[in-house]
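Colleague: I have a structure I would like to understand better, so I am pasting it below and will then ask my questions one at a time.
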């Protein structure tokens, strides 16, 4: 038997001959492996690997009505913050999809309405098999549109204000992460711990605020007048720290809803001649690229984005196989301790 050279144009017939099976058996191994006995499947997959066979994905899509692609929205770079989180998530999603034989088709949209229009266009021309949506918020209509049009999707973020069991989602436990931060600061003997967050009405921001309220109450710490709310930006962090530190009894530590706010808070402290860490501790949320390069290094909550992406792809592929059940996964962030939250010595 002549074995085609690996990397040359290998056909299904070549694989079938090498494995000693029929052409249909090779097709089943690629498209319906559950139909084959385990030993037969192993034989065919081994032949595919040995010969370096790569199926024609375009032709396969026409036969199966599958594009082997997942749609996901990309957002513009927010130059007010520390950046990098969405890029890290998108990379993780692409990697997780690739491990399952899928690609990610990115689309840019300036609003939810624009994104829904893209859903409609891609669905009509069979551009993708399903979608991953992110940046969920109160009043979000994207999930409803996808459900009503029977388009498979999963959500990175809880469906705030809606039935959480209505779709499959993965999210990060923001409240739990903030509780970890307060616990760390309390262990450092801080007794006035402030909070810098986003304007109320943002699901993620409200969740992180709830963690601060719960933790300060659990440790019987004061919290009245120790919270500030604004936009998610470095400049807002500067403004927040300025207001809170001007109080007659200022906080000795600040827990922030994002790294951008935390970096701004550290900048304001340094402008007042205070050292982040020894004088006033600061903790952020995200573990962005900026958290690792500022001085002192920023203590922050690390989001498990890689695990999130893997869960999302697994959920979406289950839906594509016809599984209508939903799954909800709440992942825990990890506190990464750096110099901005250590060295405090109460007077």
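The values are calculated or read from the model by the stated rules, or taken from the named source; none is laboratory data. The structure presented is a predicted model; accordingly, all values stated were derived computationally and were not measured. For neighbour counting, all protein chains shown are included, and Cβ atoms are generated from backbone atoms with ideal geometry for every residue, glycine included.
Colleague: Condition test on residue 182, is it assigned to a loop (DSSP other than H, G, I, E, B), buried (at least 18 other Cβ atoms within 10 Å of the Cβ) and touching a residue at least 24 places away in the same chain (Cβ under 8 Å)?
Modeller: Considered against the rule, which asks whether it is assigned to a loop (DSSP other than H, G, I, E, B), buried (at least 18 other Cβ atoms within 10 Å of the Cβ) and touching a residue at least 24 places away in the same chain (Cβ under 8 Å), residue 182 comes out as no.
Colleague: Just to be sure, is residue 250 touching a residue at least 60 places away in the same chain (Cβ under 8 Å) and assigned to a loop (DSSP other than H, G, I, E, B)?
Modeller: no
Colleague: Still on this structure, please answer the following. Just need a number here: residues in segment 278-313 that are touching a helix residue (DSSP H, G or I) at 6+ places or on another chain (Cβ under 8 Å) and part of a helix (DSSP H, G or I).
Modeller: 9
Colleague: For residue 136, work out the one condition from (1) in a loop (DSSP other than H, G, I, E, B); (2) modelled with pLDDT of 95 or more; (3) touching a strand residue (DSSP E or B) at 6+ places or on another chain (Cβ under 8 Å) it doesn't fulfil.
Modeller: (2) is the only condition that residue 136 fails.
Colleague: Kindly provide the set of residues from segment 69-116 that are in contact with a strand residue (DSSP E or B) (Cβ under 6 Å, 6 or more places away or on another chain), assigned to a loop (DSSP other than H, G, I, E, B) and at pLDDT 90 or above, ordered by number.
Modeller: The answer is 102, and nothing else.
Colleague: Is there a residue being in the same structural domain as residue 257 (by TED's automatic domain parsing), in contact (Cβ under 8 Å) with a residue 12 or more places away in the chain and over 19 Å from residue 282 (Cβ atoms) anywhere in segment 222-236? Show your work before the answer.
Modeller: Taking segment 222-236 as the starting set, the residues that turn out to be in the same structural domain as residue 257 (by TED's automatic domain parsing) are 222-236.
After this cut, where a residue has to be in contact (Cβ under 8 Å) with a residue 12 or more places away in the chain as well, the list is 222-223, 225-236.
Then keep just the ones that are over 19 Å from residue 282 (Cβ atoms); that gives none.
For segment 222-236, residues in the same structural domain as residue 257 (by TED's automatic domain parsing), in contact (Cβ under 8 Å) with a residue 12 or more places away in the chain and over 19 Å from residue 282 (Cβ atoms): absent.
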